[in-house]
Amino acid sequence: MTVSSQLDTPVAGTLALRDPVDPDRELVEHARRGDTGAFGELVERHRGVVYRVAARIVGPDEADDVSQDAFLRAFHRLGHFRGESSFRAWLLRITHNTALNAAARRVPEPVGGTAELGEEADSSPPSGRQPASLLERSERRERLELKLRELRSEDRAVLVLRDIEGLPYEEIAQVTDSPLGSVKGRLHRARGELIEILRRNTYDWELPE
């Protein structure tokens, strides 16, 4: 019997409600037994999404620090992971909380310097684009990132998780530790506010893909 199934035995009746094919489960169980190499594989597997979520909450200047802090917290809390959600959802919940705490500790977010986000999100530009077209696309993405950061941190996080990372509502509820209705309400509000922000400058309506 696996470590996680031993932990879950008292509530075995709920197992059917869980995702039976969490691709990280085996690595998580090895990591919980002290296999740092297995945890390293988990870091590599989820480094990108953790960075992107962190960067869009705190900005690129702090994203690396928040990402490292989130992974460190996850490593030390592996004993508390009971498999009631996917490891990704659990990790992104830690990332979400770490990023919100970091955002709350500092002064209002500076603007500028978001080019790294665009590079991280799409480091391999489509072939065939001319330099001027690539530059314009990068500038539009940078302006969009700046406008995203005008939203409240909690609303921005939900918008990023749903519309950029494509997480289902149920998983976002787990990540943000919020009722499903609150997630949908925040998303609706964030989308509306972003549209109003974009309407102030019609040049930004042609958003990056």
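The values are calculated or read from the model by the stated rules, or taken from the named source; none is laboratory data. Just so we're clear, the structure is a prediction, and the values are computed from it rather than from any experiment. Cβ coordinates were reconstructed from backbone atoms using ideal geometry, including for glycine residues, and neighbour counts include every protein chain displayed.
Does residue 44 satisfy the criteria of being part of a helix (DSSP H, G or I), surrounded by 14 or more Cβ atoms within 10 Å (Cβ to Cβ) and either out of contact with any Pro (no Cβ under 8 Å at 6 or more places or on another chain) or at pLDDT 70 or above (or both)?
When the stated conditions are applied, residue 44 does not pass them.
Take the residues in the range 57-104 that are part of a loop (DSSP other than H, G, I, E, B) and modelled with pLDDT under 90; name whichever of them is surrounded by the fewest Cβ atoms within 10 Å (Cβ to Cβ).
82
If the requirement is being surrounded by 13 or more Cβ atoms within 10 Å (Cβ to Cβ), out of contact with any strand residue (DSSP E or B) (no Cβ under 6 Å at 6 or more places or on another chain) and modelled with pLDDT under 90, which of these qualifies: 164, 172?
Residue meeting the stated conditions: 164.
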